[in-house]
1. Across region 113-130, what is the number of residues that are under 15 Å from the mean Cα position of the chain (by Cα), over 21 Å from residue 65 (Cα atoms) and in contact (Cβ under 8 Å) with a residue 60 or more places away in the chain?
2. Look at region 75-96 and say how many of its residues are over 24 Å from residue 212 (Cα atoms) and in contact with a strand residue (DSSP E or B) (Cβ under 7 Å, 6 or more places away or on another chain).
3. When the residues of region 199-214 are filtered to those that are assigned to a strand (DSSP E or B) and more than 16 Å from residue 136 (Cα to Cα), which remaining residue is nearest to the chain's Cα centre (by Cα)?
4. Can you list residue pairs whose Cβ atoms sit under 8 Å apart, with the first residue in region 131-145 being under 14 Å from residue 199 (Cα atoms) and the second being at pLDDT below 90 and in a helix (DSSP H, G or I)? Count only pairs 6 or more apart in sequence or on different chains.
5. Here is a check on your reading of the model: is residue 73 at pLDDT 60 or above, over 23 Å from residue 128 (Cβ atoms) and exposed (fewer than 15 other Cβ atoms within 10 Å of the Cβ)?
6. Would you confirm whether any residue within region 34-41 is in a loop (DSSP other than H, G, I, E, B), over 17 Å from the mean Cα position of the chain (by Cα) and modelled with pLDDT under 95?
7. Would you mention how many residues in region 67-91 are assigned to a strand (DSSP E or B) and more than 18 Å from the chain's Cα centre (by Cα)?
8. Within region 92-112, how many residues turn out to be free of Cβ contacts under 8 Å to residues at least 24 places away in the same chain and in a strand (DSSP E or B)?
């Protein structure tokens, strides 16, 4: 049975790695390309669309919900000297929820003190249904295709003493690349800690897109 699971997992990786995010690939010479839908690193927060997004709230501190993007200054400055706004897609428009390339995600926008969008964080939702949660590490491969397969600087970590593969697959990888005045970092993890129940495992992708500081 374990061998069957291993073969299935390997096939899933091979098939889904050819997929890309639900936007066109970023060209190395196109600094005007959007990073997520109509959001682009380097645009002014006041230019962000008022429709299509919901549940805006400060990701840090107690400022709570925001009525619109223009209230970015109400959010506290974080360790990176940026203000973090958590947001999702408007359920009236996106009936399937907040997803990127089919994966349920948690989205965070980063704004600098001048009101410029300085970063975007995309993390797979750990509370998604098991069927989607067990595929979360695959979003990282899709994101790498989105920003171009070449030029990544990747580090693959070996399993710690208490870490085991899931279905014969172990992933603990961080890849970084500079493209169009942005630094893109993609982290993927898939493993289980020794002694955990079969339904409990680490499976996630975290994507960070940050403006290169001048």
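1. Residues meeting the conditions: 2.
2. So the count comes out to 4.
3. Per the stated criteria, the residue is 209.
4. The qualifying pairs are 135/12; 135/16.
5. Judged against the criteria, residue 73 is a match.
6. No, because not a single residue in region 34-41 is in a loop (DSSP other than H, G, I, E, B), over 17 Å from the mean Cα position of the chain (by Cα) and modelled with pLDDT under 95.
7. Number of matching residues: 1.
8. The number of residues fulfilling the criteria is 2.
The values are calculated or read from the model by the stated rules, or taken from the named source; none is laboratory data. This one's a predicted model, so the numbers in the text were calculated from it and none came from an experiment. Here the Cβ is made from the backbone with ideal geometry for all residues, glycine too, and neighbour counts use every protein chain on show.
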